[in-house]
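Contents: one structure, followed by commentary.
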Amino acid sequence: MSVNVKNLSVEIEGKEILHNVDIEFTEGKRTAIIGPNGAGKSTLLRVLAKLNTSYAGQILMDGEDIRDISKKKYARRLAVLPQGLSAPADVTVGALVDYGRFPYRSWHSGSRNEDDINAVDSAIRYTKLEALRDRQVMSLSGGERQRAWIAMALAQQPDYLLLDEPTTYLDIAHQLEVMDIVRQMNREHGITVIMVLHDINHALQYADEIVVIKNHGIYAHGVPNDVLTVDMIGRVFGVKADIFRNSLGASVLSPVSLI
Amino acid sequence: MSVKVYGRRAFFMLLFVALLAASALLSIMEGSVEVPASEIFGAFMGDSGLHEQIIWNIRLPRTIVAALVGVNLSLSGAILQAVMKNPLADPHIIGISSGAGLSGIFVMLLFPEYEHCVTPAAFLGAMMAAVFIYILAWKNGIRPIRIILAGVAVSAFLGAGISALMIFYSDRVHSALMWMVGGLSARSWPHVMMLWPYALAGSLMAFFGARHLNILQLGDDVAKGLGLRVEIVRIALTAVAALLAASAVSVVGLLGFVGLIVPHMTRLMIGSDYRILLPGAAIFGAAVVMFSDTISRVAFSPIELPVGILMAVFGAPFFLFLLRRQV
């Protein structure tokens with residue numbers, strides 16, 4: 001079980017975004033994608049999620065070309081949370097999480113079966129949203145709202161979870177809360193996580209593997225301590241940085257100045 | 001779902017049904033001749049009363065036409081608001097009104113002897129305009145914003161045609177003007193026959209589409225991520241909305257208010273879940289058109305006001321009131 005990207009090239013409106021990308025995302029891991037703005041991180045994620053379907057090359061999920069997998073079947077195996085999420089003002093947490101069961105229902109019938117009810121209940125419990133179940137999603141705080149969207153993705157019972165900068169606009173406590181839930185989902189449910197992260201320290205702290213994208217291609221791919229070096233930060237981001245161990249012994253990156 | 005939300009929806013649905021029944025009764029009773037309610041019930045039981053002819057041949061078909069027009073326009077607007085992800089989306093936006101307007105008025109002014117062809121001509125014009133806008137907006141799939149902009153441009157273009165016709169044939173312009181604001185006078189059984197298949201088929205398709213519309217409201221990316229075939233759903237439901245609106249507009253003229261405001265009012269009252277919103281808007285829309293038509297008949301009797309004017313005059317302020325209160 002894995003996702004295999006072969007020779008992927010993407011052009012958007014005549015501009016090359018990704019060029020001949022080959023990469024394999026290993027099953028059961030949490031992989032962080034990092035890189036400068038405009039390098040093609042989100043595009044890679046969108047292609048993996050079948051949100052962007054015009055590309056050259058091939059993507060194999062467990063050996064099967066994702067072009068051959070129907071949208072609904074795909075949504076049962078892979079959940080994605082893109083950026084800029086919004087819902088109508090009166091949609092409650094319970095209703096939103098229930099939408100995660102959409103790929104399991106036939107086009108003509110919306111009735112819930114036991115699996116649906118269990119999946120929604122456990123997703124809400126998992127994200128600690130029981131008390132907020134009847135609240136409107138858009139009236140929640142940023143962190144609670146993000147948890148509600150994660151619960152929707154969890155209700156899809158996917159093998160893969162794709163996240164595009166899940167901690168944007170959150171304060172540090174809610175950032176950690178969201179990342180903790182994601183890690184827990186990975187550990188307890190074996191969900192393979194692929195996430196675009198802005199904050200390199202989150203990548204250091206929460207990822208098993210890091211993919212660095214630069215100039216429309218893969219610059220590096222490996223475990224955090226191998227990939228995240230002062231040299232790499234200088235070459236990819238043009239930033240002089242310091243990497244050291246904090247009082248708990250974890251690696252921390254501190255940007256110092258532009259090169 | 002919480003008890004509060006559930007109770008609120010049930011309350012408003014019951015209210016809509018009550019309004020529907022009351023408006024229907026009122027619409028059959030009131031007019032230049034007043035028919036007592038007892039006689040209406042009698043007529044349905046098979047008694048032949050004094051006003052039997054009026055009930056069967058004038059009031060009842062007109063009431064049914066009003067109800068069907070209300071259903072079709074409300075559903076059309078509600079669908080388009082979700083499909084286009086734009087609160088201003090209504091049957092105008094996909095060219096229904098301008099297309100129907102130009103072809104209808106063309107027949108009315110240039111070939112007044114073929115007045116009976118106005119309805120099919122308007123229907124044809126509406127559908128052609130909608131298809132044309134779709135083709136113009138197509139570029140690697142459909143994006144709502146392109147449809148809206150193409151719709152604005154095509155509507156302006158066709159609107160120029162309508163204005164030109166009205167100026168060149170200003171001597172015959174009266175009937176065209178009445179039709180432009182929308183009215184139900186002299187609508188009868190043939191119009192019922194023309195409308196009901198669209199109302200029925202459109203309603204069925206709309207209700208099957210309700211869950212898809214709910215998903216579509218979360219945005220294209222999330223909808224695709226949940227396995228919805230966004231492009232196909234958008235095209236299919238726009239086609240349903242176009243048929244619903246074209247059938248209504250071709251029968252009663254360019255009734256603008258219902259398709260835009262009724263779905264919004266319904267949304268403010270019972271929320272944005274399309275499984276409830278669509279039936280709610282259909283029932284409420286039917287009640288609104290029947291009620292407004294009745295008032296337009298009796299308010300300035302013997303002069304009959306086009307229902308479109310009345311609806312805008314009373315509906316718009318009521319809508320603003322709802323908007324301020326955010327019920």
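Tally the residues that are among the β-branched types (V, I, T) and exposed (fewer than 13 other Cβ atoms within 10 Å of the Cβ), restricting the search to segment A:93-141.
Total meeting the criteria: 1.
For segment B:40-49, which residues satisfy the criterion of being part of a loop (DSSP other than H, G, I, E, B) and loosely packed, with under 12 Cβ neighbours inside 10 Å?
Of everything in segment B:40-49, those that are part of a loop (DSSP other than H, G, I, E, B) and loosely packed, with under 12 Cβ neighbours inside 10 Å turn out to be B:G46, B:D47, B:S48.
Keeping to segment B:22-35, report how many residues are over 13 Å from B:A67 (Cβ atoms) and open to solvent by less than 60 Å² (accessible area, probe 1.4 Å).
5
A quick yes/no check of all residues on (1) aromatic (F, W, Y); (2) touching a strand residue (DSSP E or B) at 6+ places or on another chain (Cβ under 7 Å):
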{"position": "A:I124", "(1), (2)": "no, no"}
{"position": "A:Q146", "(1), (2)": "no, no"}
{"position": "A:A155", "(1), (2)": "no, no"}
{"position": "A:Y160", "(1), (2)": "yes, yes"}
{"position": "A:E188", "(1), (2)": "no, no"}
{"position": "A:V196", "(1), (2)": "no, yes"}
{"position": "A:A203", "(1), (2)": "no, yes"}
{"position": "A:Y206", "(1), (2)": "yes, yes"}
{"position": "A:H221", "(1), (2)": "no, yes"}
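Considering only residues that are in contact (Cβ under 8 Å) with a residue 40 or more places away in the chain and closer than 21 Å to B:M290 by Cα, look in segment B:1-21 and name the one that is surrounded by the fewest Cβ atoms within 10 Å (Cβ to Cβ).
B:V17
One residue is enough: does segment A:224-247 have a residue meeting the conditions free of Cβ contacts under 8 Å to residues at least 12 places away in the same chain and part of a loop (DSSP other than H, G, I, E, B)?
yes
If the requirement is being closer than 23 Å to A:H221 by Cα, among the hydrophobic types (A, V, I, L, M, F, W, C) and touching a residue at least 60 places away in the same chain (Cβ under 8 Å), which of these qualifies: A:V3, A:V47?
After ruling out the rest, the residue left standing is A:V3.
Examine segment B:203-210 for a residue that is within 14 Å of another protein chain (Cβ to nearest Cβ) and either crowded, with 24+ Cβ neighbours inside 10 Å or touching a Ser or Thr at 6+ places or on another chain (Cβ under 9 Å) (or both), and state whether such a residue exists.
yes
Does at least one position in segment B:221-230 carry a residue that is more than 14 Å from chain A (Cβ to nearest Cβ) and touching a helix residue (DSSP H, G or I) at 6+ places or on another chain (Cβ under 8 Å)?
No: zero hits.
For segment B:41-50, indicate whether the set of residues that are of a type in the set (G, A, S) and touching a residue at least 24 places away in the same chain (Cβ under 8 Å) is non-empty.
Scanning segment B:41-50 turns up no residue that is of a type in the set (G, A, S) and touching a residue at least 24 places away in the same chain (Cβ under 8 Å).
In the set B:P120, B:P91, B:P87, which member is touching a helix residue (DSSP H, G or I) at 6+ places or on another chain (Cβ under 8 Å), more than 16 Å from B:L244 (Cβ to Cβ), in contact (Cβ under 8 Å) with a residue 60 or more places away in the chain and not in a helix (DSSP H, G or I)?
Testing whether each residue is touching a helix residue (DSSP H, G or I) at 6+ places or on another chain (Cβ under 8 Å), more than 16 Å from B:L244 (Cβ to Cβ), in contact (Cβ under 8 Å) with a residue 60 or more places away in the chain and not in a helix (DSSP H, G or I) leaves just B:P87.
Quick check on segment A:216-259: of everything there that is more than 13 Å from A:I34 (Cβ to Cβ) and in contact with a His (Cβ under 8 Å, 6 or more places away or on another chain), which residue is most open to solvent (accessible area, probe 1.4 Å)?
Here the residue is A:H216.
In this structure, is B:A153 surrounded by fewer than 16 Cβ atoms within 10 Å (Cβ to Cβ) and either of a type outside the set (D, E, K, R) or assigned to a helix (DSSP H, G or I) (or both)?
So B:A153 fits the description; yes.
For segment B:20-73, how many residues are among the aromatic types (F, W, Y) and in contact with a Ser or Thr (Cβ under 8 Å, 6 or more places away or on another chain)?
Residues in segment B:20-73 being among the aromatic types (F, W, Y) and in contact with a Ser or Thr (Cβ under 8 Å, 6 or more places away or on another chain): 0 in total.
Residue pairs, Cβ under 6 Å, 6 or more apart or interchain, first in segment A:192-207 and at pLDDT 95 or above, second acidic (D, E) and crowded, with 21+ Cβ neighbours inside 10 Å. List them.
Pairs found: A:V196/A:D164.
Considering only segment B:273-291, I want to know if a residue exists there that is open to solvent by 10 Å² or more (accessible area, probe 1.4 Å), away from every other protein chain (no Cβ under 14 Å) and among the basic types (K, R).
Checking segment B:273-291: not a single residue is open to solvent by 10 Å² or more (accessible area, probe 1.4 Å), away from every other protein chain (no Cβ under 14 Å) and among the basic types (K, R).
Taking segment B:50-80 as the region of interest, how many residues are more than 18 Å from B:A201 (Cβ to Cβ), open to solvent by 10 Å² or more (accessible area, probe 1.4 Å) and not charged (D, E, K, R)?
8
Please verify whether A:A155 is more than 9 Å from chain B (Cβ to nearest Cβ), at pLDDT 95 or above, buried (at least 23 other Cβ atoms within 10 Å of the Cβ) and within 20 Å of the chain's Cα centre (by Cα), treating the condition exactly as stated.
For A:A155, the condition - more than 9 Å from chain B (Cβ to nearest Cβ), at pLDDT 95 or above, buried (at least 23 other Cβ atoms within 10 Å of the Cβ) and within 20 Å of the chain's Cα centre (by Cα) - is met.
Out of the residues in segment B:213-238 that are without any contact (Cβ under 8 Å) to a residue 24 or more places away in the chain and closer than 16 Å to B:Y134 by Cα, state the one that is surrounded by the fewest Cβ atoms within 10 Å (Cβ to Cβ).
Looking at the filtered set, the residue picked out is B:I232.
Can we say B:V107 is free of Cβ contacts under 8 Å to residues at least 24 places away in the same chain and open to solvent by 50 Å² or more (accessible area, probe 1.4 Å)?
So B:V107 does not fit the description; no.
Go through segment B:171-202 and give me each residue that's open to solvent by 20 Å² or more (accessible area, probe 1.4 Å) and either under 17 Å from B:G77 (Cβ atoms) or out of contact with any helix residue (DSSP H, G or I) (no Cβ under 7 Å at 6 or more places or on another chain) (or both).
B:D171, B:H174, B:L177, B:M178, B:S185, B:A186, B:P190, B:M193, B:P197, B:Y198, B:L200, B:A201, listed by residue number.
The values are calculated or read from the model by the stated rules, or taken from the named source; none is laboratory data. Source: prediction; values computed, not measured. Here the Cβ is made from the backbone with ideal geometry for all residues, glycine too, and neighbour counts use every protein chain on show. Note: accessible area is taken over every heavy atom of the protein model, side chains too, but ligands, DNA and RNA are not part of it. Shrake-Rupley method; radii C 1.70, N 1.55, O 1.52, S 1.80 Å.
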